[in-house]
Amino acid sequence: MGEAPATASPFQPAPIDWSNLWWVAGALFLTIAVIASGNLWALNFLHVTAGLLWTGIDLFMGFVVGPALRRTPFEVRRAVMTQLTPRTMFILPTISIMTGITGWYLARDMGYLAAPWPDYWWVVAALVVITVLTVQGLGILLPTQIRVYFELIKPEPDRERIARMSANYFYIIAMQGLMQVAIIAIMARFRMGL
């Protein structure tokens with residue numbers, strides 16, 4: 001008789017694919033090239049596209065994925081997070097950086113940085129929101145997500161350590177979603193004119 005086929009392990013974490021750094025570099029190079037070109041339409045297009053992607057992903061993660069994962073068993077959370085992290089750890093920082101940088105140059109080129117008071121408060125509000133989003137995303141969420149990922153891929157992850165590391169993680173993701181709604185309101189004001 002033949003040998004019985006080996007059964008696949010039910011837990012298969014996605015590896016971090018460092019070759020993604022090529023498209024990250026390409027996206028950042030594109031951002032620099034668009035800024036250097038002085039083409040206002042291209043700058044606006046890149047800003048809106050990156051902003052829509054960032055906002056959409058943040059809202060989906062904050063209001064759909066986060067609450068759903070908090071109510072699932074550990075092994076389900078483990079499987080989902082070890083698949084999501086290797087993908088989101090490249091795309092979210094990239095599009096957040098692209099959005100902020102292109103937004104700054106777009107505001108400058110459209111004259112918003114020289115807006116008179118009290119209209120300038122809309123510029124200040126946009127800068128505050130984008131700063132909070134970026135600092136939370138790059139300074140808190142991304143490092144926490146990576147640390148949790150490396151703990152989750154261990155054969156026997158330390159659940160208490162994961163709980164400590166991610167105690168406020170889902171709340172910060174929800175806050176990111178709320179901040180994204182705030183930036184939409186601010187951008188709508190910019191679109192209608194200050």
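Quick notes on this one:
- Where Pro143 falls short, out of the listed (1) surrounded by 14 or more Cβ atoms within 10 Å (Cβ to Cβ); (2) closer than 19 Å to Met61 by Cα: (1)
- Residue satisfying all of: in region 45-85; small (Gly, Ala, Ser) and closer than 23 Å to Asn20 by Cα; surrounded by the fewest Cβ atoms within 10 Å (Cβ to Cβ) among these: Gly56
- In region 102-113, the residues that are without any contact (Cβ under 8 Å) to a residue 24 or more places away in the chain and under 16 Å from Thr134 (Cβ atoms) never reach a residue that is polar (S, T, N, Q) and crowded, with 18+ Cβ neighbours inside 10 Å with C-beta atoms less than 8 angstrom apart, at least six apart or across chains.
- Only one of Leu152, Leu141, Leu127, Leu92 that is modelled with pLDDT under 90 and over 16 Å from Val48 (Cβ atoms): Leu141
- Subset of region 20-44 [of a type in the set (S, T, N, Q) and either surrounded by 12 or more Cβ atoms within 10 Å (Cβ to Cβ) or not in a helix (DSSP H, G or I) (or both)]: Asn20, Thr31, Asn39, Asn44
- Unmet criterion (only one of (1) without any contact (Cβ under 8 Å) to a residue 12 or more places away in the chain; (2) surrounded by fewer than 12 Cβ atoms within 10 Å (Cβ to Cβ)) for Asp17: (1)
- Members of region 146-189 found to be closer than 30 Å to Val124 by Cβ and polar (S, T, N, Q), listed by number: Asn168, Gln176, Gln180
- Selection status of Glu160, surrounded by fewer than 15 Cβ atoms within 10 Å (Cβ to Cβ), of a type in the set (D, E, K, R), at negative phi and in a helix (DSSP H, G or I): yes
- Residue within region 86-108 that is surrounded by fewer than 16 Cβ atoms within 10 Å (Cβ to Cβ) and more than 30 Å from Pro155 (Cα to Cα) present: yes
- Tabulated pairs, region 153-172, first closer than 16 Å to Val80 by Cβ, second hydrophobic (A, V, I, L, M, F, W, C) and surrounded by 12 or more Cβ atoms within 10 Å (Cβ to Cβ), C-beta under 6 angstrom, 6+ apart or interchain: Ile162/Val148; Ser166/Val148
- Odd one out for Leu40 among (1) farther than 28 Å from Gln83 by Cα; (2) without any contact (Cβ under 8 Å) to a residue 40 or more places away in the chain; (3) not aromatic (Phe, Trp, Tyr): (2)
The values are calculated or read from the model by the stated rules, or taken from the named source; none is laboratory data. Quick caveat: nothing in here was measured; it's all calculated off a predicted structure. Neighbour counts are summed over all protein chains in view; Cβ atoms, including those assigned to glycine, are modelled from backbone coordinates with ideal geometry.
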